[in-house]
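The values are calculated or read from the model by the stated rules, or taken from the named source; none is laboratory data. Quick caveat: nothing in here was measured; it's all calculated off a predicted structure. Don't worry about glycine lacking a Cβ; one is built from the backbone with ideal geometry, like all the others, and counts go over all protein chains shown. Heavy atoms of the whole protein, side chains included, go into the accessibility calculation; ligands, DNA and RNA do not. Shrake-Rupley method; radii C 1.70, N 1.55, O 1.52, S 1.80 Å.
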Amino acid sequence: MADTLYQLTVRKGPKVGETFLLETFSLTVGRDPVSDIVLNDPEVSRQHARFTRLDSGGYHVQDLGSTNGTFVNGQRLAAEPADLQPGYTVSMGSGVTLVYELVPTGAALEATMLDQSGLAGLVPQNSGLDDLDDALEAAVPDLPHFDDEPEIPSDWEPDPSPPFTPAPPPPVYTPEPPPIRPQATATPPFVPPANADEAAGKKRRTAIIAVVIALILLCCCVFIWSAWAIWGDPAICVLTTDDSLARCWELWRPEFLR
């Protein structure tokens, strides 16, 4: 690293008076947050210019295709970079101006510190850093010292009252959860089996057939009893000879056939 250091000081635009030390081999200036020197000005492009160190220890500046251009001492840069000398101004558009200069060392650094602290009128030029310390001590008023402990009166006694104990916080009311009620279970409706109607129909038909047979038997019984009551025992017609068939017929012939 070269012994001579350079810096950029903002003369116009955002961060006026701020100084950026040129320590790296190359650094970019722009509005992009990833730039090495961020200048948030509408005239500055996202990647506006690049400063690159030379073998001689100085720097040159190159425009990175910015919209508003880069100017060195009022001359707009083309594609080629321009070497810088201490005191040169580098402008980016019309809103930002930087000054390329040497970093103050020795007496120049002392003068810069005095100028920034406002004590330049109190310390004579070429006085050295020791005089600077004396001037600072003279400019700052003496402050009271509290190294010694205050004296305790002889009649002082500690307070016998017990130390203050804060009251315990009131209990936090926690509401009880509501009781959990069992949910009513809906009873599914009764669904008869698919063959229930068929079974009932079979039972109904069987009952009807039985009633009909019973009625027929009852009618037969009534008819036989009536015939017995009206015409007598029909067995005599069976046991008689052929000659007596006519006679049986006469006995059993109904009235309307006579």
### Query
In segment 41-51, what residues are in contact with a Lys or Arg (Cβ under 6 Å, 6 or more places away or on another chain) and surrounded by fewer than 19 Cβ atoms within 10 Å (Cβ to Cβ)?
ARG46
### Task
Answer yes if at least one residue in segment 15-24 is of a type in the set (Asp, Glu) and closer than 19 Å to ASN68 by Cα, and no otherwise.
no
### Task
Please enumerate the residues belonging to segment 81-93 that are more than 45 Å from the chain's Cα centre (by Cα), closer than 19 Å to GLN47 by Cβ and not hydrophobic (A, V, I, L, M, F, W, C).
PRO81, SER91
## Note on the structure
Residues of segment 31-68 being basic (Lys, Arg) and closer than 19 Å to GLY95 by Cα, in sequence order, are ARG31, ARG46, ARG50
### Query
What about THR19, is it among the hydroxyl-bearing types (Ser, Thr, Tyr), at pLDDT below 90 and within 29 Å of THR105 (Cα to Cα)?
no
### Query
What tally of residues in segment 56-67 results from selecting those that are in contact with a His (Cβ under 8 Å, 6 or more places away or on another chain) and part of a loop (DSSP other than H, G, I, E, B)?
2
### Task
Search segment 1-30 for residues that are without any contact (Cβ under 8 Å) to a residue 40 or more places away in the chain and pair each with any residue that is in a loop (DSSP other than H, G, I, E, B) and among the charged types (D, E, K, R) when their beta-carbon atoms are under 6 Å apart and the residues are at least 6 apart or on different chains.
LEU27/ASP36; THR28/ASP36; GLY30/ARG46
### Cβ-Cβ under 8 Å pairs, at least 6 apart or on other chains, segment 44-63 side on the phi > 0 side of the Ramachandran plot and among the acidic types (Asp, Glu), far side open to solvent by 50 Å² or more (accessible area, probe 1.4 Å) and at pLDDT below 90
none
### Summary
A careful count of residues in segment 199-258 that are modelled with pLDDT under 80 and among the basic types (Lys, Arg) gives 3
### Task
Check PRO33 against each of (1) farther than 17 Å from LEU102 by Cβ; (2) exposed (fewer than 15 other Cβ atoms within 10 Å of the Cβ); (3) modelled with pLDDT under 90 and name the one condition it does not meet.
(3)
### Task
Could you give me the residue pairs with C-beta distances under 7 Å whose first residue belongs to segment 78-107 and is more than 21 Å from ASP55 (Cα to Cα) and in contact (Cβ under 8 Å) with a residue 12 or more places away in the chain, whose second residue is open to solvent by 20 Å² or more (accessible area, probe 1.4 Å) and of a type in the set (Phe, Trp, Tyr) wherever it lies, and which are 6+ apart or on separate chains?
SER91/PHE71
### Summary
By residue number, the members of segment 8-43 that are in a loop (DSSP other than H, G, I, E, B), β-branched (Val, Ile, Thr) and under 23 Å from GLN85 (Cβ atoms) are VAL16, THR24
### Query
For segment 52-110, how many residues are more than 19 Å from VAL16 (Cα to Cα), open to solvent by 20 Å² or more (accessible area, probe 1.4 Å) and hydroxyl-bearing (Ser, Thr, Tyr)?
4
